[in-house]
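Below is one structure, written out as structure tokens; the observations come after it.
The values are calculated or read from the model by the stated rules, or taken from the named source; none is laboratory data. Everything numeric in this text was worked out from a predicted model, so none of it was measured. Note that each Cβ is placed from the backbone with ideal geometry, even for glycine, and that neighbours are counted across all protein chains shown.
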Amino acid sequence: MNTDWQQFLQSRGAVFEHGRVVHFGDAAEELRRSAQQPILADLSHYALIRLAGDDAQTFLQGQVSNDVRWLNGENSQWAAYCTPKGRMLASFLLWRDAQGFLMQLPASLKEPIRKRLSMFVLRSKVTLSDESANWVCLGLAGPGAGQTLGETLGVTPPAPHGVLSLAEGTLLSLPGGCFEILTPPAGAPALWDRLAQRFLPVGSDRWDWHLLRAGIPVILPATQEEFVPQMVNFELVGGVSFKKGCYPGQEIVARTQYLGKPKRRMYLAHLTSATPPQPGDALFSADMGDQASGVIVNAAAAPEGGYDVLAVIHTASAAAGSLHWKRPDGPVLQLGELPYAVPL
């Protein structure tokens with residue numbers, strides 16, 4: 001994180017742990033209010049990789065799960081980077097600007113993914129660089145976020161996955177009423193203060209919760225190579241194209257789509273626990289005994305108490321119910337409903 005930006009946030013009451021904003025003075029109050037009003041969060045736990053050069057589009061088209069030819073500077077898309085066996089190494093948001101393509105992914109995956117992609121550049125005219133220091137990324141979400149954002153900045157926010165250029169930077173609209181603004185560091189403090197008059201400043205996990213509730217999975221180090229895209233519903237949120245050419249794992253991803261159906265799918269669930277669940281934690285169910293029947297993908301504290309999670313679970317186990325966290329007799333998960341339909 002930019003040191004000046006961190007010091008500014010601290011001057012506004014931000015408390016940091018492990019490089020992330022955890023709250024602005026009253027974590028419990030922020031948690032309670034985060035589902036009731038628009039929120040403003042620092043997204044420094046995400047990083048940006050820029051891909052530029054004459055061959056950037058062709059290179060990306062051969063590496064990621066989505067069709068990057070559809071990116072025109074006014075839209076974004078989810079995409080995945082997979083192993084040759086079709087297992088996801090990363091999920092990310094991808095869009096285009098005048099200088100090339102920007103890939104936004106968890107900061108913990110930035111260097112491993114950049115290095116792995118760089119191995120395949122060979123003679124292509126494409127460069128991969130860390131763009132994170134050039135931007136401050138702000139997340140806005142919650143009831144009325146779009147209207148409040150429009151009133152504050154004097155713009156009409158675009159539909160989900162729309163990208164809009166602003167005097168302040170770039171506005172990205174995402175599913176679930178979530179928005180991001182990327183702004184240069186020099187102008188970030190003034191923009192933050194302007195937005196904070198209408199939005200509630202909160203810890204970064206409140207953004208994670210809104211994205212989770214929208215059913216958007218985020219692959220993290222603990223879950224790399226655990227899932228083919230369909231297991232985390234990635235084709236349902238527009239992260240996979242089945243009409244493009246080859247990319248690593250494409251044959252397996254296509255076979256999963258057309259020659260059967262996934263035996264595991266991602267579900268939204270609630271866990272009543274004082275201990276936070278972690279990505280990669282195992283889940284159990286009576287129908288599978290001591291064998292794990294699922295795994296936590298993402299988790300965030302729920303405003304009503306406990307934790308909301310995205311979890312990949314064997315579909316038969318989900319149908320049977322009685323899912324438990326970490327051990328066969330552990331705390332029970334209560335399945336909820338995602339904002340999109342999941343095929344049975």
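Observations, loosely collected:
- Residues satisfying the stated conditions in region 25-42, i.e. in a loop (DSSP other than H, G, I, E, B) and surrounded by 22 or more Cβ atoms within 10 Å (Cβ to Cβ): Ser34, Pro38
- As a summary of the residue check, Thr3 satisfies the conditions (1) touching a Gly at 6+ places or on another chain (Cβ under 7 Å); (2) at pLDDT below 95 except for the one numbered (1).
- Residue that is surrounded by 19 or more Cβ atoms within 10 Å (Cβ to Cβ) and either touching a Lys or Arg at 6+ places or on another chain (Cβ under 7 Å) or without any contact (Cβ under 8 Å) to a residue 12 or more places away in the chain (or both), where the choices are Phe179, Phe199, Phe227: Phe227
- Matching residues, region 1-24, being among the basic types (Lys, Arg) and part of a loop (DSSP other than H, G, I, E, B): Arg12
- Qualifying positions in region 170-192 - part of a helix (DSSP H, G or I) and of a type in the set (A, V, I, L, M, F, W, C): Ala186, Ala188, Ala190, Leu191, Trp192
- Residue in region 149-166 that is of a type in the set (Ser, Thr, Tyr), surrounded by fewer than 18 Cβ atoms within 10 Å (Cβ to Cβ) and in a strand (DSSP E or B) present: yes
- Within region 147-167, residues that are assigned by TED's automatic domain parsing to the domain that holds Trp95 and in contact (Cβ under 8 Å) with a residue 12 or more places away in the chain have Cβ atoms under 7 Å from residues that are surrounded by fewer than 16 Cβ atoms within 10 Å (Cβ to Cβ) and among the small types (Gly, Ala, Ser) in these pairs: Pro157/Gly150; Val163/Gly73, counting only partners at least 6 apart in sequence or on another chain.
- Those residues of region 1-45 which are within 19 Å of the chain's Cα centre (by Cα) and under 17 Å from Ala302 (Cβ atoms), in sequence order: Val22, Ser34, Ala35, Ile39, Ala41
- Every listed requirement among (1) in contact with a Gly (Cβ under 7 Å, 6 or more places away or on another chain); (2) of a type outside the set (Asp, Glu); (3) surrounded by 19 or more Cβ atoms within 10 Å (Cβ to Cβ); (4) closer than 30 Å to Ala28 by Cα is met by His270 save one, (3).
- Leu236 meets the stated requirement of being surrounded by fewer than 21 Cβ atoms within 10 Å (Cβ to Cβ), modelled with pLDDT of 95 or more and more than 22 Å from Arg20 (Cα to Cα).
- In region 73-97, the residues that are farther than 21 Å from Ile252 by Cβ form Cβ pairs under 7 Å with partners that are basic (Lys, Arg), at six or more places apart or across chains, as follows: Gly73/Arg96.
- Here Leu93, Leu51, Leu60 are screened, and the one residue that is in a helix (DSSP H, G or I) and either over 30 Å from Ala302 (Cβ atoms) or of a type outside the set (S, T, N, Q) (or both) is Leu60.
- The set of residues from region 245-266 being over 23 Å from the mean Cα position of the chain (by Cα) and part of a loop (DSSP other than H, G, I, E, B) comprises Gly245, Cys246, Leu259, Gly260, Lys261, Lys263.
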